[in-house]
1. Out of all the residues in region 79-100, which are within 15 Å of the ligand (Cβ to nearest atom), buried (at least 24 other Cβ atoms within 10 Å of the Cβ) and part of a helix (DSSP H, G or I)?
2. Is there a residue being away from the ligand (no atom under 16 Å from the Cβ), at pLDDT 95 or above and surrounded by 18 or more Cβ atoms within 10 Å (Cβ to Cβ) anywhere in region 19-31?
3. Taking the stated definitions as given, is Gln67 more than 24 Å from Leu286 (Cβ to Cβ), out of contact with any Pro (no Cβ under 9 Å at 6 or more places or on another chain) and free of Cβ contacts under 8 Å to residues at least 12 places away in the same chain?
4. Can you tell me how many residues within region 64-97 are of a type in the set (S, T, N, Q) and touching a Ser or Thr at 6+ places or on another chain (Cβ under 7 Å)?
5. Restricting to region 57-95, count the residues that are within 23 Å of Gly106 (Cβ to Cβ) and of a type in the set (A, V, I, L, M, F, W, C).
6. Name the residue, out of Ile122, Ile114, Ile172, that is under 30 Å from Leu56 (Cα atoms) and either crowded, with 18+ Cβ neighbours inside 10 Å or touching a Ser or Thr at 6+ places or on another chain (Cβ under 9 Å) (or both).
7. In this structure, is Arg70 farther than 30 Å from Val156 by Cα and either aliphatic (A, V, I, L, M) or not in a helix (DSSP H, G or I) (or both)?
8. Exactly one of (1) closer than 30 Å to Ala155 by Cβ; (2) assigned to a helix (DSSP H, G or I) is unmet by Arg110. Its number?
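The values are calculated or read from the model by the stated rules, or taken from the named source; none is laboratory data. Since the structure is predicted, the reported quantities are computational estimates derived from the model, not experimental observations. No Cβ is skipped: glycine too gets one built from the backbone with ideal geometry, and neighbour counts run over all protein chains shown.
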Amino acid sequence: MAPWTQGKGLIFTLHNVLPDSEAHKFRPNAHLDVTPEFLDSTITQVKQAGLEFVSLDEAMRRTQDEQCDRRFAVLTFDDGYRNNLVHAYPVLKRHRAPFTIFVATGFVDRTSEIWWVALERILEKADYLDMPLGARMVRLPTRTKAEKCAAYKRAVLWLAHDMSEAAQRLEIRRMARAYGVDMEGLAEELILDWAELSGLAEDPLTEIGAHTHDHLALARLGEDEMRENVQLGLDRLKAELGISPRHFAYPYGYEAAVDRRSAEVIGSFGFDCALTTRPGMMTKGLQKFALPRISLNGHFQSPTVVSQYITGAPFPIYHAWRKAKDHLTFRDDGVASAPREAV
Ligand SMILES: [Zn+2]
């Protein structure tokens, strides 16, 4: 193992924790799902490798402390899925592992759009999808799984890149109406309600973090819109749970969703740190409003992959590859990266 890659510890990102199920046949977002058994075995494996599961506060303290060489791992769950309570919480409690849930409050209020799942549900049932391509409408066939996958990729590009965040939400609502998908029902089905969150938050193992209200890609918003949506998320958490979060996770968290402006805005809210989803280990000297995380990916639920994560070795390789593609600037130590002109 090359010690320079391993940093002081790592922060895991999770979304859904749920048993394998045949309930939905078309799941292009299956990379966001891990089983409770994999979560359980990963916690055991990481502990056996000598890392200690700690809170984000303790992780930040150890990262800054030159003298501290006790390696750590942090568990974070984005968005506020109900399966976190049903399937992850029993595992976390058994291991006495602290964890942070970053809550997008508009999902809990059932007013914001979980558009990537709505699109899955639309395509699962649809035989075709009408979408604009340039100036004209095209009808994409979506009968077979391959056709559905191709249409999903095209629709994500269209919704997440070709239009504003506000237009994206109007468009997914229009499509949901046309294809009979109930947006409010989807949030009700998938996301914790306020009473469930309140119960969960009573456990000292639980930390509630901020994740904005509407889960918009901050880098694609004007500064006022950014501030308003972050503030609304904070206001709702304060009103419903009496909590003022000290940690923030950027919605999506990837390069196109987090730029220097958004990190400055988040910094101005006085959070102790903010987390992206750019892969990397925790090392001293990182920008605390653009910290890296490592996603426990549903397509790679294997101890071999987890053992690689713990070494930190895959991430400099990943960033070198990205650098070669000229997407990123690069720190000298190869551990952290940031987009050009960005954080
Ligand atoms: Zn999220």
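1. Result: Asn84, single match.
2. Looking for residues that are away from the ligand (no atom under 16 Å from the Cβ), at pLDDT 95 or above and surrounded by 18 or more Cβ atoms within 10 Å (Cβ to Cβ), one finds none in region 19-31, hence no.
3. Working: more than 24 Å from Leu286 (Cβ to Cβ): no; out of contact with any Pro (no Cβ under 9 Å at 6 or more places or on another chain): yes; free of Cβ contacts under 8 Å to residues at least 12 places away in the same chain: yes.
No; evaluated as a whole, the condition is false for this residue.
4. Pass one, region 64-97, residues of a type in the set (S, T, N, Q): 64, 67, 76, 83-84.
Retained after the next criterion (residues that are touching a Ser or Thr at 6+ places or on another chain (Cβ under 7 Å)): 76.
Residues flagged as of a type in the set (S, T, N, Q) and touching a Ser or Thr at 6+ places or on another chain (Cβ under 7 Å) within region 64-97 amount to 1.
5. Here is the first cut: in region 57-95, the ones within 23 Å of Gly106 (Cβ to Cβ) are 76-86, 88-89.
From the residues that got through so far, the ones that are of a type in the set (A, V, I, L, M, F, W, C) too are 77, 85-86, 88.
Matching residues across region 57-95 total 4.
6. Values: Ile122 fails: under 30 Å from Leu56 (Cα atoms); Ile172 fails: under 30 Å from Leu56 (Cα atoms).
Every option except Ile114 fails the conditions.
7. Values: farther than 30 Å from Val156 by Cα: yes; either aliphatic (A, V, I, L, M) or not in a helix (DSSP H, G or I) (or both): yes.
For Arg70, the condition - farther than 30 Å from Val156 by Cα and either aliphatic (A, V, I, L, M) or not in a helix (DSSP H, G or I) (or both) - is met.
8. Only one criterion in (1) closer than 30 Å to Ala155 by Cβ; (2) assigned to a helix (DSSP H, G or I) is unmet by Arg110, namely (2).
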